[in-house]
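Colleague: Here it is, the structure, as structure tokens.
The values are calculated or read from the model by the stated rules, or taken from the named source; none is laboratory data. All values derive from a computational prediction rather than experimental measurement. Don't worry about glycine lacking a Cβ; one is built from the backbone with ideal geometry, like all the others, and counts go over all protein chains shown. For the accessible areas, the whole protein counts, side chains as well, though only heavy atoms, and no ligand, DNA or RNA atoms are used. Shrake-Rupley method; radii C 1.70, N 1.55, O 1.52, S 1.80 Å.
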Amino acid sequence: MATKDARIVFTPSGRRGTFPHGTRLLDAARSIGVDVDSVCGGRGLCGRCRIVCMDGDFAKHAIKSRPAHLSALNETEARYSERRQELANNHRLSCQAEIRGDLVIDVPPESQMHRQVVRKDAEHREIKLDPATRLYHVEVQPADLLEASGDLQRLCDALAWEWHLDDLVCDPVILPGLQTALRDGEWQVTAAVHRQSTVVAVWPGFKSSVHGVALDIGSTTIAAHLVNLTTGNVVATDGIMNPQIRFGEDLMSRVSYVMMHPEGAAELTQAVRQGVNDLIGDVCSRGGIDAADVVELTIVGNPIMHHLFLGLDPRELGGAPFALAVDTALDLKARDIGIGIHPGANVYVLPCIAGHVGADAAGMVLAEEPHLLEEVSLVVDVGTNAEIVLGNRDRLLACSSPTGPAFEGAQISAGQRATPGAIERVRIDAESLEPRFSVIGSKLWSDDPEFDEATGASGVTGICGSGIIEVVAEMYLAGIINEDGVVEGTLAARSDRIVADGRTFSYVLHDGPRQILVTQNDVRQVQLAKAALYAGVQLLQDRADFDGIDRIRLAGAFGSHIDPKYAMVLGLIPDCDLSRVESAGNAAGMGALIALLHVPARPEIEATVRGIEKIETAVEPKFQEYFVDAMAIPNKRDAFPRLFSVVDRPAAGPRSGAAGRRRRRRAKPAGGER
């Protein structure tokens, strides 16, 4: 009788494969390069290989994942659960659990050998310090039998007398501890006042500083910048994977999850809030402060992250007319949305621009200031959902394009997120077709004699987003693929790097212990992603009718690590002087930081957002036409004269793949479907 097979998807890596029933989950994970730790040799002692079996229907993967699709809890797991840590809420030890059916498996950060490199650091920027919450030290008149006023009134009187802060109101949260603070400080206290109108915290004696956190909640990663609100210094920066990834890699997958599960929105809200609380705890630990010293948060995020974080149902954003529950900026209390910082802390959420252009795009505009410049700027936050802003001080337009998770390494056969060992830079010799590459965690290139030793700890594990951009662009420049993206099978006679792969051909990028191929489907996935982004830019250019683009800024954790030359060769961005294409860093996070430190920026961005013209790509009839043209590399219609004045255009080849003689390299699993 034939052995039954099961389909398994691992998050957050997005790797997937097909395995026989009875396969140990840890063995399945390791066979396709999933990063699962284990230091006890699979004996169920260390607990480092703990995973979470997702329970639900995952339409994107066409998988119905159930805890019953794993073998029953065995004696080893029961002993671990009793003596070490309880295995509850569908947690299992992957070294003990065996596959019995289709599964979606989440590998939590503590079970990963190499955490993803979350690249969202705060760049150096001069920001005029004017925070919303300030500290004021005062000496309060002691209680007196001859004076009947209460402690709060005398605190407000002192603030008015010493700092001219009149007509203050008090956040009720300070009242339970007010009298203790006054007496512990011998009637000298430090008050935190928000917007010169509300007392939100009181400490005994003199307190020199309080802190704020700027948050960028992305669909893949969450970044936090901890800032001293007295000095303006960024004390610490940290980032994590968005824990919602286990519910879906891209935004629409998460909306679908909510649509199919009545409790889905609450689950996703709880997951992202817990992630934010954990991240704030981590960044405060790094900065050597207590989370209770954080009195201000500013937040940016795309519309779906914005809604889910705030506890708003995102289903209306899943289809036309893509209605937001709220698009204006919000001032909230951290305690009302479950954020564990000072109970009087305030939260400012930047405004959203449109149904698919969120507060992160508003933050990007605030940071990059295209609305203040005469020259025409194109600012693009490249991610699973690209957000695009085009214009100058006279006119700004914005849209989003559904690029999907290919740029994050998902849906690529050897794709992975940005962890040590992932290929991030690629060069291919046009004559020999031999590649060389570098990986995250090492500055050496693969043709360096010391490369193998330098990468011994991580190995070469796959290709991250910037690597897949470069390898596909280099394959085009070397003539390995033609402008239609077809791998030229005829080259198999010239180089054994070109190998038959079913009815198509693939390129062998790395032939080490784990063979890494760039398949025809990988190229297609990149074409689909880049075409969606380019078509969005074209729609904005049509509507604005600007005479060219003067500067391009690539933002976001991924956009910041793309080589502009390869982005343009691929046709990800339009033709422009390459010297005017630059990384914008984490522009959305920088916008949140500016709003945190310079409160006048808040009404500025609110007014700017109200004037932005919104284009909804999903209902624009010319989007499909532009998308089809942009599937070609770099583009079917646009000639890219400025690019090819500095980059050699490859010789024109046939517009469809020739059959060629099929040569086979020794077979090895390439990751993905087996």
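Colleague: Let me check something: with ligands and nucleic acids excluded, how do GLU582, GLU450, GLU488 order by accessible area (1.4 Å probe), largest to smallest?
Modeller: GLU450, GLU582, GLU488
Colleague: Continuing with this model, one more query. What is the chain's relative contact order, in percent, from Cα pairs under 8 angstrom and six or more apart in sequence?
Modeller: 13 percent
Colleague: Go ahead and estimate [θ] at 222 nm for the chain from helices alone: -39,500 (n - 2.57) per DSSP H run with n ≥ 4, summed, over the residue count, rounded to 500. Write down the numbers at each step before the final one.
Modeller: Numbers: 16 runs with 173 residues, N = 674.
About -7500 deg cm²/dmol.
Colleague: Let me make sure I get this right: for the range 65-111, a, b and c are the square roots of the gyration tensor eigenvalues over alpha carbons, sorted descending. Under 1.5 in a/c it's rounded, otherwise prolate if a/b > b/c, else oblate. Which is it? Could the numbers behind the result be given before it?
Modeller: Details: a/c = 2.11, a/b = 1.33, b/c = 1.59.
Oblate, since a/c reaches 1.5 and b/c is not below a/b.
Colleague: Could I ask something else about it? Suppose the chain between GLN196 and ARG494 were pulled fully straight at 0.36 nm per residue; how much longer would it get relative to their current alpha carbon spacing?
Modeller: Values: separation 298, 0.36 × 298 = 107.28 nm, distance 7.36 nm.
Taking GLN196 through ARG494 to full extension adds about 99.9 nm, to one decimal.
Colleague: What does the highest-first list of 330-341, 470-481 look like by mean Cβ count within 10 Å?
Modeller: Details: 330-341: 17.1, 470-481: 24.5.
Result, highest mean Cβ count within 10 Å first: 470-481, 330-341.
Colleague: Return the distance in nm (one decimal) between the two label points of a simple spin-label model at GLU110 and THR76, each offset 7 Å from Cα along Cα→Cβ.
Modeller: 2.0 nm
Colleague: Quote the FRET efficiency, to the nearest 0.05, computed for ALA607 versus ALA430 with a Förster distance R0 of 56 Å and r equal to the Cβ-Cβ distance. Could the numbers behind the result be given before it?
Modeller: On the way: r = 51 Å, r/R0 = 0.92.
So, using R0 = 56 Å, E works out to roughly 0.65.
Colleague: Same structure again: Show me 174-184, 630-640, 512-522 ranked by packing, highest mean number of other Cβ atoms within 10 Å first.
Modeller: Working: 174-184: 15.5, 630-640: 18.8, 512-522: 20.5.
Highest mean packing first, the order is 512-522, 630-640, 174-184.
Colleague: When the Karplus curve 6.51 cos²θ - 1.76 cosθ + 1.60 is applied with θ = phi - 60°, which whole-Hz ³J(HN,Hα) does each residue of the range 341-352 get, with x for Gly and Pro?
Modeller: 10, 4, x, x, 5, 9, 10, 10, 9, 5, x, 8
Colleague: Here is a further query. Take the Cβ-Cβ distance between VAL169 and ARG642 as r, set R0 to 60 Å, and report the resulting FRET efficiency rounded to the nearest 0.05. Intermediate results must be reported in sequence, preceding the final value.
Modeller: Working: r = 58 Å, r/R0 = 0.97.
With R0 = 60 Å, the Cβ-Cβ based efficiency is 0.55.
Colleague: Going by average Cβ neighbours within 10 Å, how do the peptides 454-464, 356-366, 259-269, 384-394 rank, with the highest at the top? Don't skip to the end; give the middle numbers.
Modeller: Values: 454-464: 20.1, 356-366: 29.8, 259-269: 16.6, 384-394: 22.8.
The densest-packed peptide leads the list: 356-366, 384-394, 454-464, 259-269.
Colleague: For VAL347, list long-range residues whose amide hydrogen, built 1.01 Å from N in the peptide plane, is under 5 Å from its own amide hydrogen.
Modeller: Amide H neighbours of VAL347, under 5 Å, 5+ apart: LEU297, LEU332, LYS333, ALA334.
Colleague: How large is the accessible surface per residue of the chain, computed with a 1.4 Å probe and reported in Å² as a whole number?
Modeller: Per-residue value: 40 Å².
Colleague: Let me ask another. Please give, to one decimal in nm, the separation of the simple spin-label points placed at PHE206 and ASP184, each 7 Å out from Cα toward the Cβ.
Modeller: The answer from the label model is 1.9 nm.
Colleague: Note down the net charge around GLY301, summing +1 for each Lys or Arg and -1 for each Asp or Glu among other residues with Cβ under 12 Å from its Cβ.
Modeller: Value of the local net charge: -4.
Colleague: Still on this structure, I have one more. Quick one: grab the alpha carbon gyration tensor of the range 117-250, order the square roots of its eigenvalues as a ≥ b ≥ c, and give me rounded if a/c is under 1.5, else prolate or oblate depending on whether a/b is larger than b/c. Working shown, then result.
Modeller: Details: a/c = 3.15, a/b = 2.36, b/c = 1.33.
Prolate is the answer for the range 117-250, as a/c is 1.5 or above and a/b outweighs b/c.
Colleague: Now for a separate question. Out of the total accessible area of the chain (probe 1.4 Å, heavy atoms of protein only), what percent is carbon and sulfur? Before the final figure, lay out each step's value.
Modeller: Values: 12920 of 27000 Å².
Carbon plus sulfur share of accessible area: 48 percent.
Colleague: Tell me whether the range 467-587 comes out rounded, prolate or oblate; compute the Cα gyration tensor, take square roots of the eigenvalues as a ≥ b ≥ c, and use a/c under 1.5 as the rounded threshold.
Modeller: Details: a/c = 2.57, a/b = 1.95, b/c = 1.32.
It is prolate, given that a/c is not under 1.5 and a/b is the larger ratio.
Colleague: Is there a pair in LYS530/LYS565; LYS128/LYS614; LYS530/LYS636; LYS4/LYS60; LYS4/LYS64 whose C-alpha atoms are over 20 Å apart, and which pairs would that be?
Modeller: Details: LYS530/LYS565 14 Å; LYS128/LYS614 30 Å; LYS530/LYS636 13 Å; LYS4/LYS60 22 Å; LYS4/LYS64 16 Å.
From the list (LYS530/LYS565; LYS128/LYS614; LYS530/LYS636; LYS4/LYS60; LYS4/LYS64), the Cα-Cα distance tops 20 Å for LYS128/LYS614; LYS4/LYS60.
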